[in-house]
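All remarks here apply to the structure that follows.
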Amino acid sequence: MTTIDPTRPAPEPMHRLFFEEPGPPRPAELPDGGPAWLVSRYEDVRQVLSDPRFGRARLYAPDAPALSGVPDLVNNPDLMFNQDGLDHLRLRRTLRRAFTPRAVARWRPWIGAMVEELLDRLETRPQPADIVDEFALPLPVAVVSRLMGLDESAWDRMRHWSEHAFSDGTHEGEQVASVLKEFSAFGADLLAERRRTRGEDLISSLVAAADEEGGVPEAQLVSLVCGLVVGGHDSTMTMLGNSLLYLLGERREVWSRLGADEEAAGRLVDRLVHLVPLGDDRGSTRHADEDVEVGGVTIPAGAIVLADCGMANRDPEVFPPTTLHDLFAPLEAPTLSFGAGPHYCLGAWLARTELQLALHRLAARFPDLRLAAPMDTVVWRTGTTSRSPQWLGVRW
């Protein structure tokens, strides 16, 4: 369970986080005090995320300093995100066709049906209702479960695994290790089951693609399955909860247009994803394999680089302050919230589709939706690298 320390001040909502002005690459510190380089301008961050000389795998070399004090899924060397070059490409090819815009477009009708079913259920609930428990959480869980061929018996365990897979270091190391061991066993069993009996689900497609590709280590496949299980719902749930807090708490004037115009809802989602981070830690870490010039500054070989996507997404040279908070204005350049380059998020189009349908239909069905309590009373889900309201009461 998430624990709340009553002696600490309540954290700021994610949309209110302060960002420094981006500037040239400069020396910085890792959370443990170790040396690093901070890259914050839009073009510089895109370069670091796209240049193969900045990789992830070397961060997990035997002689590299630990990036986390406790085990977690994100820092598992077998995870696809932590592979580089051919190893990364081989894993990515097993999934690439499953998450294309065309593939997601085929899923749109049944995702929309899930949205409507949850809204029908919400309409019958006593008020105030918890929009997180009734909508923001069950929607992405239901979507990823259908994609992967999982039934509802796994839903509670998925949340439990997510809390530990994305631990921010506040959980006991032994506890996290135990949960991740259980989670890996689930992933291995799921792969074995789909090898025995192929279906139409994503895991069956992954097994077939991995067999066709050949040479994919089993540990990497297990990590891939686990990453899909928790990553496929946690980020969308987090984004949906934070977006509703922002829209209902501070941008209520956009609600009617959001419900009336599905195309405009897509632009709004793009802006929300761009402006509202998933967590307080905004740096995407890379290792410089050789000396590389970035923004007129030479970053030395062996350096750890923090690419701050949050600062880059507010670079005034790319995103003018005059339109930055216009939620219906098209983005002037691709957001870096989904990354860039070889590690660009495979699930970006799916997440965007879920958020667009969810927010548009919620605003259309509940035009008078409003928060049931002031924003500063929100209790936050903490203990993980992402952060969003743990409970959000609404009336209509």
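Full extension of the chain segment joining Arg159 with Thr100 gains 18.6 nm, where the gain is 0.36 nm per residue of separation less the Cα-Cα distance. Of the peptides 297-304, 335-342, the ranking by mean beta-carbon count within 10 Å, highest at the top, reads 335-342, 297-304. Remark on Gln390: its backbone amide H falls under 5 Å from those of Val379, Trp380, Arg381, a criterion applied only to residues 5 or more positions apart or on other chains, H modelled at 1.01 Å from N.
Measuring how big the chain is from its alpha-carbon positions, Rg and Dmax come out at 20.8, 61 Å.
Find how much the distance from Arg198 to Ala177 grows on full extension, using 0.36 nm per residue of separation minus their present alpha carbon separation; answer in nm with one decimal. Write down the numbers at each step before the final one.
Details: separation 21, 0.36 × 21 = 7.56 nm, distance 3.07 nm.
Separation in residues times 0.36 nm, less the Cα-Cα distance, equals 4.5 nm.
Springs join every pair of Cα atoms under 10 Å in this Gaussian network model of the chain, and among Gly241, Gly215, Gly23 the largest mean-square fluctuation is at Gly215. Label reach from Asp133 (point 7 Å along Cα→C-beta): in region 362-379, amide nitrogens under 14 Å belong to 379. Taking 0.36 nm per residue of sequence separation and removing the Cα-Cα distance, the Asp87/Asp376 pair yields an extension gain of 99.4 nm.
Classification of region 268-370 by its C-alpha gyration tensor yields a prolate form. The axis ratio a/c (a ≥ b ≥ c) is 1.5 or more, and a/b outweighs b/c. Put +1 on the Cβ of each Lys and Arg and -1 on the Cβ of each Asp and Glu in the chain; which of Leu268, Ala373, Cys226 then has its Cα farthest toward the positive end of the dipole? Going by the Cα projections, it comes out as Leu268. Checking the a/c ratio against 1.5 first, then a/b against b/c, what shape does the Cα gyration tensor give for region 240-280? Oblate, since a/c reaches 1.5 and b/c is not below a/b. Answer rounded, prolate or oblate for region 73-230, using the Cα gyration tensor with square roots of eigenvalues a ≥ b ≥ c: rounded when a/c is under 1.5, else prolate when a/b is larger than b/c, else oblate. It is oblate, given that a/c is not under 1.5 and a/b is not larger than b/c. Extent of region 162-295 along its three principal axes (Cα atoms, max minus min coordinate, largest first): 52, 44, 37 Å. If you run the Gaussian network model on the chain, springs between alpha carbon atoms under 10 Å, then out of Asp261, Asp63, Asp291 the most flexible one is Asp63. For region 39-56, putting each phi into the Karplus relation 6.51 cos²θ - 1.76 cosθ + 1.60 with θ = phi - 60° gives couplings of 10, 9, 6, 4, 5, 5, 5, 4, 4, 4, 6, 9, 7, x, 6, 10, x, 9 Hz, in residue order, rounded to whole numbers and with x for Gly and Pro. Computed over the chain, the per-residue total of -39500 (n - 2.57) for DSSP H runs of n ≥ 4 gives a 222 nm mean residue ellipticity of -14500 deg cm²/dmol, rounded to 500. Placing +1 on the Cβ of every Lys and Arg and -1 on the Cβ of every Asp and Glu, with nothing else charged, gives region 80-131 a dipole about its Cα centre of roughly 520 debye. Under a Gaussian network description of the chain, with springs only between Cα atoms under 10 Å, the residue in Arg370, Arg282, Arg102 that fluctuates furthest is Arg102. Per-residue 3J(HN,Hα) values for region 160-165, derived from phi via the Karplus relation 6.51 cos²θ - 1.76 cosθ + 1.60 with θ = phi - 60°, read 4, 5, 4, 4, 9, 5 Hz in sequence order (x marks Gly and Pro). Positive-end ranking of Leu30, Leu89, Ala57 along the dipole of region 1-141, with charges on Cβ about the Cα centre, is headed by Leu89.
The numbers here are math on the coordinates, done by the rules we state, and not lab data. Only a predicted model underlies this, so the values are computations on that prediction, with no experimental measurement involved. A quick note on method: Cβ atoms are made from the backbone with ideal geometry, for glycine too, and the neighbour counts reach across all protein chains shown.
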